[in-house]
């Protein structure tokens with residue numbers, strides 16, 4: 001509503017001759033009329049400009065959230081009875097008792113607001129139903145899965161090396177990354193680097209990765225990848241328990257060094273401590289999975305810290321490898337089941353599937369790997385090394401998208417982090433790793449209004465991140481009900 005202004009000059013007009021002044025000539029009248037018209041036109045322009053400024057500040061594009069409990073992502077204690085003023089897509093002010101005159105205000109007393117989650121290790125598009133195949137990678141499937149992440153409060157994801165040409169055609173990638181498409185924003189490592197006839201297994205829709213036979217080919221492929229402007233480089237350095245040969249050390253070193261020419265950091269899939277040490281000495285910046293073969297030693301901790309290496313534990317990957325055999329407590333929760341692709345629940349809840357896992361020869365090894373991952377995360381975090389939340393969700397049907405990110409937070413707390421420390425790993429730290437920390441990752445003045453409104457406070461219990469009331473992306477509420485809302 002445009003306010004009504006009074007100038008204070010609305011006096012009753014008097015005829016000119018009332019003051020002893022002769023009436024003007026007809027020509028004078030025309031001139032006076034013209035001057036008066038121009039004066040009124042000028043006043044109208046000034047008035048409309050003023051109204052426009054007021055509407056920008058107090059109009060439909062502004063929103064005031066009142067009386068929230070705020071977790072801002074910086075790691076400090078929640079701030080109660082806090083107000084957040086949003087203008088357009090941006091947080092303008094955070095404080096107490098902010099004036100909401102003339103703008104839409106919503107009282108969220110008793111509710112908690114935290115930054116939207118950022119997942120530092122995902123896969124998109126190749127998963128559909130109970131299959132993970134190349135034919136699933138379509139524009140529609142990519143967008144559907146990004147919408148699913150958004151419904152779960154995950155508004156930025158990094159895909160780790162399994163994207164296809166479709167993503168980079170006709171401006172599709174830039175449109176998603178810049179938030180012009182619905183759902184989560186996507187940052188891509190493009191095509192990753194594996195080994196010939198080795199990791200990653202081609203039959204899991206990983207047929208599109210580079211598989212260099214030597215150093216020269218590896219460098220040429222990095223040059224080719226750089227043209228896509230990826231967020232970073234992803235490579236797989238692992239032998240899958242002895243099933244495949246490990247990537248040649250000269251090749252992995254060449255990938256890392258060539259990437260530096262384009263200011264591209266390299267992230268690596270690892271399992272063994274010895275590989276992590278070698279890769280860090282070669283310049284690796286991101287360890288994309290937990291070290292799981294053994295408990296890490298001080299040498300690796302010192303290497304990670306002195307080289308500013310980021311650690312993405314992907315604990316859910318290791319729990320999913322065995323947990324369905326024991327019917328986990330969340331198996332029948334709607335919050336979990338709504339995240340699954342069609343047909344997956346029937347598969348994982350069947351006695352046949354559960355018995356297959358339990359009777360597999362590597363069942364106990366998988367449990368041990370998970371336990372090592374928990375202990376190693378605790379050591380790494382206490383050493384002051386940057387930890388980022390990531391899950392490897394979307395790589396196959398049992399690593400469900402959206403729910404996995406909330407489960408990962410729970411497992412990080414189980415490993416020894418506090419709920420607020422885990423949230424910081426999934427917001428501020430992840431944004432910094434993606435080099436978008438200047439605009440998102442924390443709730444502060446001048447940053448994007450990306451946040452989750454929760455019924456309960458996750459500082460009290462990390463599982464409360466699942467009590468989602470609303471999700472806002474760039475200041476706009478996501479219509480979760482029209483996209484298949486999830487309920488805790």
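Observations
- Some residue of the stretch 127-136 being in contact with a strand residue (DSSP E or B) (Cβ under 9 Å, 6 or more places away or on another chain), under 19 Å from residue 231 (Cβ atoms) and at pLDDT 95 or above: no
- Residue 421 under 28 Å from residue 134 (Cβ atoms), at pLDDT 95 or above and in contact with a helix residue (DSSP H, G or I) (Cβ under 9 Å, 6 or more places away or on another chain): no
- Boolean, residue 381 is touching a strand residue (DSSP E or B) at 6+ places or on another chain (Cβ under 9 Å) and modelled with pLDDT of 95 or more: yes
- Qualifying residue in the stretch 384-394 (condition: at pLDDT 95 or above and assigned to a helix (DSSP H, G or I)): no
- Conditions (1) surrounded by 24 or more Cβ atoms within 10 Å (Cβ to Cβ); (2) within 15 Å of the chain's Cα centre (by Cα); (3) within 20 Å of residue 114 (Cα to Cα): number failed by residue 412: (2)
Table: residues versus (1) assigned to a loop (DSSP other than H, G, I, E, B); (2) surrounded by 20 or more Cβ atoms within 10 Å (Cβ to Cβ); (3) touching a residue at least 24 places away in the same chain (Cβ under 8 Å).
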| site | (1), (2), (3) |
| --- | --- |
| 424 | no, yes, yes |
| 453 | no, yes, yes |
| 456 | yes, no, yes |
| 459 | yes, no, yes |
| 463 | no, no, yes |
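- The criterion of at least 3 residues that are closer than 23 Å to residue 430 by Cα and touching a strand residue (DSSP E or B) at 6+ places or on another chain (Cβ under 9 Å) is met, among helices (runs of 4 or more DSSP H) falling completely within the stretch 158-276, by 172-177, 249-261.
- Here residue 187 meets the list (1) more than 30 Å from residue 242 (Cα to Cα); (2) in contact with a helix residue (DSSP H, G or I) (Cβ under 9 Å, 6 or more places away or on another chain); (3) without any contact (Cβ under 8 Å) to a residue 60 or more places away in the chain almost entirely, failing just condition (3).
- Some residue of the stretch 399-413 being over 28 Å from residue 285 (Cβ atoms) and either in contact with a helix residue (DSSP H, G or I) (Cβ under 8 Å, 6 or more places away or on another chain) or at pLDDT below 95 (or both): yes
- The listed residues are 214, 190, and the only one of them that is at pLDDT 95 or above and over 21 Å from residue 434 (Cα atoms) turns out to be 214.
- Subset of the stretch 465-480 [without any contact (Cβ under 8 Å) to a residue 24 or more places away in the chain and either touching a helix residue (DSSP H, G or I) at 6+ places or on another chain (Cβ under 9 Å) or more than 18 Å from residue 63 (Cβ to Cβ) (or both)]: 467
The values are calculated or read from the model by the stated rules, or taken from the named source; none is laboratory data. Not measured: the values here are computed from a predicted model. All Cβ positions, even for glycine, are placed from backbone atoms using ideal geometry, and neighbour counts span all protein chains on display.
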